[in-house]
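Just below is one structure, and these are the notes that go with it.
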Amino acid sequence: MIKIAPSILNCDFTRLGELICLAEEAGADMLHLDIMDGHFVPNISFGPMVVTSINRITKLPLDVHLMIENPGKFISAFAQAGAKIITVHLEACINLREEIGAIKKEGLKVGVALNPQTPLESLFGYLNQIDMALLMTVEPGYGGQKLISSVLPKIAQLRDHISRNRLDIDIQVDGGIDLETAQSVIDSGATILVAGEYIFGSSDPAKAIKDLRKLCDLSQSRSAGRSR
Ligand code: DX5
Ligand code: ZN
């Protein structure tokens, strides 16, 4: 099943609780939380205290995307705050194997993210240890950017590698996802779609989620039909 992970980065933070409940009711599968430190990316967002508060008001699994330097230092804080998945950037880790081990030790799912320019091959040695590969479809740091379409072949290449090696890994895509680009990332092989601006920048976020769900379900049944 293709999953939808709304990102709250560009939402109206004065309405955070209300918008999260609305996303949950509209059928979101998880909540994508973008953590930025002003060093790894040129922007600052929020930290574990906000994640703790969010965890109190939603049953949605919290998908924590760490765009921070030295992520290992904060893994236990985000685990305690209620994360279910923690994703670290390959570019930010001095010892990726260690960070993967630290996330697993907390009993959480592990994601590893790659920036658009980072070669896919740098991830191949870690794929049997992780649950999710996050392919950034924009330069990390800000919501509301346009999807970089040169990442599409990278998604397809990873999908192919996963199938050939019979791995059980989700491909998450993050940045510039809307109804139009969703179709192309799904066709390329993505299984979890992060969407921020498309959902929370819309005048009707619940409708935006439901429309995206329809598109995901339709593409899924079409591809099931093809493989029958
Ligand atoms: C960007 C973040 C994204 C961002 C996506 O660095 O990782 O999760 O919120 O937002 P949109 O969907 O607005 O591109
Ligand atoms: Zn993100």
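The values are calculated or read from the model by the stated rules, or taken from the named source; none is laboratory data. If you're wondering where the values come from, they're calculated on a predicted model, not measured in any experiment. Here the Cβ is made from the backbone with ideal geometry for all residues, glycine too, and neighbour counts use every protein chain on show. Surface accessibility is based on the protein's heavy atoms, side chains included, excluding ligands, DNA and RNA. Shrake-Rupley method; radii C 1.70, N 1.55, O 1.52, S 1.80 Å.
Quick notes
- Qualifying residue in the stretch 206-227 (condition: among the β-branched types (Val, Ile, Thr), within 15 Å of the chain's Cα centre (by Cα), in a helix (DSSP H, G or I) and within 13 Å of ligand 1 (Cβ to nearest atom)): no
- When restricted to residues that are in contact (Cβ under 8 Å) with a residue 40 or more places away in the chain and within 21 Å of residue 71 (Cα to Cα), the stretch 11-32 contains 1.
- Checking each residue in the stretch 98-117 for being in a helix (DSSP H, G or I) and open to solvent by 60 Å² or more (accessible area, probe 1.4 Å) picks out 98, 104, 105.
- Residues that are in contact with an Asp or Glu (Cβ under 7 Å, 6 or more places away or on another chain) and either at pLDDT below 95 or assigned to a strand (DSSP E or B) (or both) within the stretch 58-69 comprise 65, 67, listed in sequence order.
- Test for residue 198: is it open to solvent by 10 Å² or more (accessible area, probe 1.4 Å), at pLDDT 95 or above, among the aromatic types (Phe, Trp, Tyr) and away from ligand 2 (no atom under 16 Å from the Cβ): no
- Considering residues of the stretch 25-57 that are within 16 Å of the chain's Cα centre (by Cα) and not in a loop (DSSP other than H, G, I, E, B) only, the residue farthest from ligand 2 (Cβ to nearest atom): 51
- Criterion (closer than 14 Å to residue 137 by Cβ, open to solvent by less than 40 Å² (accessible area, probe 1.4 Å), out of contact with any Leu (no Cβ under 6 Å at 6 or more places or on another chain) and modelled with pLDDT of 95 or more) met by exactly one of 177, 186: 186
- Residue in the stretch 118-137 that is open to solvent by 10 Å² or more (accessible area, probe 1.4 Å) and in contact with a Pro (Cβ under 9 Å, 6 or more places away or on another chain) present: no
- Residue count, the stretch 135-190 (criterion: in a helix (DSSP H, G or I), closer than 23 Å to residue 224 by Cβ, of a type outside the set (Asp, Glu) and within 16 Å of ligand 1 (Cβ to nearest atom)): 9
- Cβ-Cβ under 8 Å pairs, at least 6 apart or on other chains, the stretch 208-226 side of a type in the set (S, T, N, Q), far side open to solvent by 70 Å² or more (accessible area, probe 1.4 Å): 219/187; 220/1
- Residues that are outside any strand (DSSP E or B), within 18 Å of residue 122 (Cβ to Cβ) and within 16 Å of ligand 2 (Cβ to nearest atom) within the stretch 70-97 comprise 71, 90, 91, 92, listed in sequence order.
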